[in-house]
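The values are calculated or read from the model by the stated rules, or taken from the named source; none is laboratory data. Model, not experiment: these values are computed from the prediction. Note that each Cβ is placed from the backbone with ideal geometry, even for glycine, and that neighbours are counted across all protein chains shown.
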Amino acid sequence: MSHILSALHLAAKAKKIRYGRLKEIANIATPQTLLRWFRTLVAKKYDSSGSRRVGRPSTKEEIVELVLKMAKENGGWGYTRIRDALNNLGFKICRDTVANILKDNGVEPAPERGSQTKWSDFLEQHWEVMAATDLLTVEVWTLKGIVRYHVLFFMRLKTREVHIAGVSASCDGLWMEQIARNLTDAMDGFLVGFKYLIHDRDPLFTSDFLEILNDAGVNSVRLPRRSPNLNAFCERFVKSIKHECLDKMIFFSEASLRFAIAEYLEHYHSERNHQGLETQIIRPEFEENSGTGEITSRRRLGGMLNYYHRHAA
């Protein structure tokens, strides 16, 4: 380190001596070396590379989150509209910055983004007035042998409430038409007030069935082929009722099947916690437990379904 300082002092002194004189007196280093040391000293004095950032400063994370939020919630907003909205909030950025943020995060421009509604957005926008339906099958051991029964159910997507519309071993168009009339009955029809019904392409959803619903203001939303994930809530109900109840029992008549389904629905609505509803019960019979009182259990189907609660103190 000392020899570097000495060289720098020599370079400073050499600057004051003309080149010809340096050539006469220099015996440790050449004049060119001394002058080069001096130029290095000057360069280091004005070197700011240690504090200089490479490229343009990055956009604040808060702005990035706002741009993505506005683009997601407003499918028709373009780069300029989002920029103006940010300006209203005190963030002064240019249109190209908005465009770059969206491109970097894989968000399409406004024309493409606004023309294609995502399935999740469609559900969210029509949550209050949308229902879904599906069929499940159960094998019943009868005097005629093993018979396959069809269970047709409907679900209110927002609340996850389930309504069993029919149980039958022989489903046909006339049966479905009567169910459609029951569902749209002005007094107590399950689909009264709903505008959309999600269903698959099962042949039982006949044109006459859908026409009765349409006359009552319920529009058909037919799913693409082989897309059970688009009717995930109904699929989940089928999995739950089979795993927790139907697959654990052998049925010897339609009456025993109907009884088991009715008991499970009571458990499903008033006793079972639902993760999709933040572990809440759809229609709780008791108030939230206070932590006091005797703990009792309610048993259904011989203890297959149990519910634990406290008696009021």
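If you go through region 243-261 and keep only what is exposed (fewer than 15 other Cβ atoms within 10 Å of the Cβ), touching a residue at least 60 places away in the same chain (Cβ under 8 Å) and not hydroxyl-bearing (Ser, Thr, Tyr), you end up with Ile250, Phe252.
Given the structure, is Leu210 buried (at least 18 other Cβ atoms within 10 Å of the Cβ) and either touching a helix residue (DSSP H, G or I) at 6+ places or on another chain (Cβ under 6 Å) or assigned by TED's automatic domain parsing to the domain that holds Val151 (or both)? In short, yes.
Each row is one residue, and each column tells you yes or no for (1) of a type in the set (Lys, Arg); (2) free of Cβ contacts under 8 Å to residues at least 40 places away in the same chain.
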position	(1), (2)
Thr184	no, yes
Met187	no, yes
Arg222	yes, yes
Glu263	no, no
Glu266	no, yes
Ser270	no, yes
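The condition of being of a type in the set (S, T, N, Q) and at pLDDT 95 or above does not hold for Ser290. Considering the conditions (1) of a type in the set (S, T, N, Q); (2) farther than 28 Å from Gly166 by Cβ; (3) out of contact with any strand residue (DSSP E or B) (no Cβ under 6 Å at 6 or more places or on another chain); (4) not in a loop (DSSP other than H, G, I, E, B), Ser297 is excluded by exactly one of them, (3).
May I ask you to say which residue of Leu204, Leu157, Leu102, Leu152 is at pLDDT below 95 and within 21 Å of Tyr268 (Cβ to Cβ)?
Values: Leu204 fails: within 21 Å of Tyr268 (Cβ to Cβ); Leu102 fails: within 21 Å of Tyr268 (Cβ to Cβ); Leu152 fails: at pLDDT below 95.
Only one candidate qualifies: Leu157.
Mind listing whichever residues of region 273-308 are crowded, with 17+ Cβ neighbours inside 10 Å and within 18 Å of Arg156 (Cα to Cα)? Those that are crowded, with 17+ Cβ neighbours inside 10 Å and within 18 Å of Arg156 (Cα to Cα): Ile281, Ile282.
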